[in-house]
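These notes are about the structure you will find just below.
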Amino acid sequence: MKVFTSIFLALLISCPGRDQAQKFSAMQKNIHPAQIWSDTNGNAINAHGGGILFFEGIYYWYGEHKLDGKSEAQYVDGGIHCYSSSDLLNWKDEGVVLTVDYKDEKSDLAYGCILERPKVVYNEKNKQFVAFFKLYLKGVGYETSNVGVAVANQPTGPFIYHHKFHGGGSPNGSGDFSMFRDDDGKLYHLTVRKPDKAFVIGRLDADYYYPEGDYRICEGIELHTEAPVVLKRKGVYHLLGSGSSGWKPNAARYFTTDNVLGKWTYHGNPCHGYNKIDSVGIEKTFGGQSSYIIPVQGINDAYIAMFDIWRPENPVTGRYIWLPVKWKDGNLSVESYPHERDRQKAIQQAEKDGGKNIQSFMEIQDRVADQSKGLYGANQFGPETWTQFMNVQTPMMQNMMNSYVEQSKNLFVQMQDKMQDQTRAMFSTFPFGPQGAPGGQKEDKS
Ligand code: DGJ
């Protein structure tokens, strides 16, 4: 019985262990804003205009899947692409979890539609993952928009298209949006209404399917505010957004309120610093446009702001700028390092800490892989052994499973600890330099 237990454990533990060890050799220690970000397979992450859902210990990144070889003018949207991660640095490709329809021309998702800025929210009542996205039907263009809604029973999908509605209570619908879930579970759709570009808020029904009641104007929020991201901290609602200039970057804008349905206060541009890689300053949000703010789990007051660098001629090559959010007098700011000296110091420190974490994490993996290698090597798993193995009694299988689950649980707890340290460390490494020169902005129709 011991032999079977060993073989079973070896099968269950050694294979994932080896896999993991290979992946971790390419493990990312830091976020490198504005640079190519590869997933754990080594492919550039393809999840633009995205958002993050944290569910049962895992972060899920959902974004626009851009088709290779197409420009924005050539039907580039392929659906929603999902990645998963436990550390916000290393992302596993979970595939395209909602695809456009390449066969049915009449489908709302017929290839040729524009599908942008997906955000996924978990609905506790229905135990359902609900994806929202900007949906412009094929051949319609940016004049009239819909909010597309798709649902799934698990975070990695598949998401099934459910329906669409016009946001903002307008027959022309609405554009960029944020889905904000308040502490009481109520979900709000904050969006720029078409065609007047007023910024409005509406509440969704308990299923998170349709708006319930009327939208109302968010007093104090400028017209033409796009790319909104809403978060709540210490009873205050914060809205980070952009102006409207198509795919070209413009300056970020920031508002707060004590009442999500009430009046907002404008605080100007909350960004500081410079993107040295692309030579862009805060007048163009480092070359990016906001898409989401991630609350980092397990670290008090830690948030990461996500921005997209759009590349409309070749959208699949668009990049991501993730920066730490800082709080001063209750207000947020998004900062890069204004001085090279500070940046270098931060990188050195994080590498020291991060390196240590990775090392211990790898050690755990190696130990598990090594142990199971011995077991596996000594007992070749041929057809005979397999037959014997398949004949073992259910209670024994149960024991083996319990033991495996217990081991995995311990390993998982150790991994979580390491990952948390690492997340803390990565906040201090952002390769940005001194303040840049001012630039202009142009309006668009989206
Ligand atoms: C800006 C929006 O934020 C993007 O999602 C996209 O719709 C572009 N405009 C299109 O010009």
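The values are calculated or read from the model by the stated rules, or taken from the named source; none is laboratory data. These numbers were taken from a predicted model, which means no experiment stands behind them. Note: ideal-geometry Cβ built from the backbone for every residue, glycine included; neighbour counts use all protein chains shown.
For residues that are part of a loop (DSSP other than H, G, I, E, B) and among the basic types (K, R), scanning just the stretch 111-148, find the one that is nearest to the ligand (Cβ to nearest atom).
Within the stretch 111-148, the match that is nearest to the ligand (Cβ to nearest atom) is K138.
Looking across the stretch 220-229, just one residue is within 10 Å of the ligand (Cβ to nearest atom) and either at pLDDT below 95 or over 29 Å from N300 (Cβ atoms) (or both), and that is E226.
State whether the residues of the stretch 164-178 include one that is free of Cβ contacts under 8 Å to residues at least 60 places away in the same chain, within 22 Å of F307 (Cα to Cα) and out of contact with any Phe, Trp or Tyr (no Cβ under 6 Å at 6 or more places or on another chain). So that I can check it myself, show each step before the final result.
Taking the stretch 164-178 and keeping what is free of Cβ contacts under 8 Å to residues at least 60 places away in the same chain, we get 164-174.
If we keep only those that are within 22 Å of F307 (Cα to Cα) as well, we get 174.
With the extra rule that they be out of contact with any Phe, Trp or Tyr (no Cβ under 6 Å at 6 or more places or on another chain), the set shrinks to 174.
Checking the stretch 164-178: at least one residue is free of Cβ contacts under 8 Å to residues at least 60 places away in the same chain, within 22 Å of F307 (Cα to Cα) and out of contact with any Phe, Trp or Tyr (no Cβ under 6 Å at 6 or more places or on another chain).
Filtering V229, V200 for residues that are among the hydrophobic types (A, V, I, L, M, F, W, C), closer than 20 Å to M306 by Cα and in a strand (DSSP E or B) leaves a single hit, V229. Can you confirm whether S244 is touching a residue at least 24 places away in the same chain (Cβ under 8 Å), touching a Leu at 6+ places or on another chain (Cβ under 7 Å), more than 22 Å from G185 (Cα to Cα) and within 16 Å of the ligand (Cβ to nearest atom)? So S244 fails the test.
Is it true that L223 is assigned by TED's automatic domain parsing to the domain that holds H267, among the aliphatic types (A, V, I, L, M) and part of a strand (DSSP E or B)?
Details: assigned by TED's automatic domain parsing to the domain that holds H267: yes; among the aliphatic types (A, V, I, L, M): yes; part of a strand (DSSP E or B): no.
No; evaluated as a whole, the condition is false for this residue.
Please go through the stretch 288-314 and give me each residue that is over 13 Å from the mean Cα position of the chain (by Cα) and buried (at least 23 other Cβ atoms within 10 Å of the Cβ), ordered by number. Selection gives G288, Q289, I309. Per the listing L89, L135, L109, the residue uniquely touching a helix residue (DSSP H, G or I) at 6+ places or on another chain (Cβ under 7 Å) and crowded, with 18+ Cβ neighbours inside 10 Å is L89. Restricting the stretch 39-66 to residues that are surrounded by fewer than 18 Cβ atoms within 10 Å (Cβ to Cβ) and touching a residue at least 12 places away in the same chain (Cβ under 8 Å) leaves a set whose member that is farthest from the ligand (Cβ to nearest atom) is G57.
Output the residue which, of all residues in the stretch 275-302 that are at pLDDT 90 or above and polar (S, T, N, Q), is nearest to the ligand (Cβ to nearest atom). Ranking the qualifying residues of the stretch 275-302, first place goes to Q289.
So which residues in the stretch 149-193 are of a type outside the set (K, R), within 16 Å of the ligand (Cβ to nearest atom) and part of a strand (DSSP E or B)?
Just the residues of the stretch 149-193 that are of a type outside the set (K, R), to begin with: 149-163, 165-180, 182-185, 187-192.
Retained after the next criterion (residues that are within 16 Å of the ligand (Cβ to nearest atom)): 167-168, 172-179, 189-192.
Within the stretch 149-193, S174, G175, D176, F177, S178, M179, H189, L190, T191, V192 qualify.
Can you work out which of the residues in the stretch 271-280 that are surrounded by fewer than 23 Cβ atoms within 10 Å (Cβ to Cβ) and of a type outside the set (D, E) is farthest from H32 (Cα to Cα)?
At the first step, the residues of the stretch 271-280 found to be surrounded by fewer than 23 Cβ atoms within 10 Å (Cβ to Cβ) are 272, 274, 276-280.
From what's left, of a type outside the set (D, E): 272, 274, 276-277, 279-280.
Numbers: H272: 17, Y274: 14, K276: 12, I277: 10, S279: 15, V280: 16 Å.
Among them, the one singled out is H272.
Restricting attention to the stretch 67-83, which residues are among the hydroxyl-bearing types (S, T, Y) and crowded, with 19+ Cβ neighbours inside 10 Å? Once the filter is applied, which keeps residues that are among the hydroxyl-bearing types (S, T, Y) and crowded, with 19+ Cβ neighbours inside 10 Å, the stretch 67-83 yields only Y83. I'd like to know if the stretch 230-240 contains one or more residues that are within 16 Å of the ligand (Cβ to nearest atom), touching a helix residue (DSSP H, G or I) at 6+ places or on another chain (Cβ under 9 Å) and modelled with pLDDT of 95 or more. No, because not a single residue in the stretch 230-240 is within 16 Å of the ligand (Cβ to nearest atom), touching a helix residue (DSSP H, G or I) at 6+ places or on another chain (Cβ under 9 Å) and modelled with pLDDT of 95 or more.
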